[in-house]
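Notes to accompany the following structure.
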Amino acid sequence: MLSDPGDPLPIQTPSTVSELAGILKECQGRKVLPLGQGSKWGWAHSVEPVDLVLSTRGLRRLIDHAAADLTVTVEAGMTLAELQHILAERGQWWPVDPLYPERATLGGIIATADTGSLRWRYGGIRDLLLGIAWVRADGEVAKAGGRVVKNVAGYDLMKLFTGSLGSLGILTQV
């Protein structure tokens, strides 16, 4: 909600990472609430009044699917149902069962750490990630990890982002 409860809540849905970065650069000093589709809107403790809602739903493209390597790279606004459909074409699936799989975006699933009950067999969200990309609050794009399992240099930022509820940046690619 905005500071003035009578004003409508402005929502922007950029369709490219550079557009998202540009919006964040323009929003310096303003309160921005990142979300995918908002399926887990109430999971944060309390939402302070915000100036803008940024939805990642426009970022939903398949970047790469190396089926033989069992890896896929997609934009974070893709829903789990969309990803599962893509993977099913090659006899694969991503072993998570979060709430609202038809609406939950991959970025939202990671930001809320909503693995579901499959966690007990296949591990948590962090165990299923090799790399992420995000846009920082200052509009700069950053990356961590990669597309190979043996990528262990530096801090484990995937672990840090898992469950962060968008407080560290807006996920753009997983």
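Where a number appears in this text, it was derived from the coordinates with a stated rule and is not lab data. These numbers were taken from a predicted model, which means no experiment stands behind them. Note that each Cβ is placed from the backbone with ideal geometry, even for glycine, and that neighbours are counted across all protein chains shown.
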| request: Using only the alpha carbons of the range 59-144, determine the length spanned along each of the three principal axes and report them from longest to shortest in whole angstroms. | output: 38, 26, 22
| said: Let me spell out the model: positive unit charges on the Cβ of Lys and Arg, negative unit charges on the Cβ of Asp and Glu, origin at the Cα centre of the chain. What dipole size does that give, in debye rounded to 20? | reply: 440 debye
| request: Provide, as a two-decimal number, the C-alpha radius of gyration of the chain over 2.2 N^0.38 Å, N being how many residues it has. | output: 1.02
| remark: Out of 9, 170, 74 - ranked by how far each Cα lies towards the positive end of the dipole of the chain, with unit charges on the beta-carbon of charged residues - the top one is 74
| query | Under a straight-distance cross-link criterion of Cα-Cα below 17 Å, which aspartates and glutamates are reachable from residue 25, leaving out those fewer than 8 residues away in the same chain? | reply | 51, 138, 140
| field | Rounded to 10°, Cα long-axis angle of helix 17-26 versus longest principal axis of the chain | value | 30 degrees
| query | Given Cα pairs under 8 Å that are at least 6 residues apart, what percent is the relative contact order of the chain? | reply | 23 percent
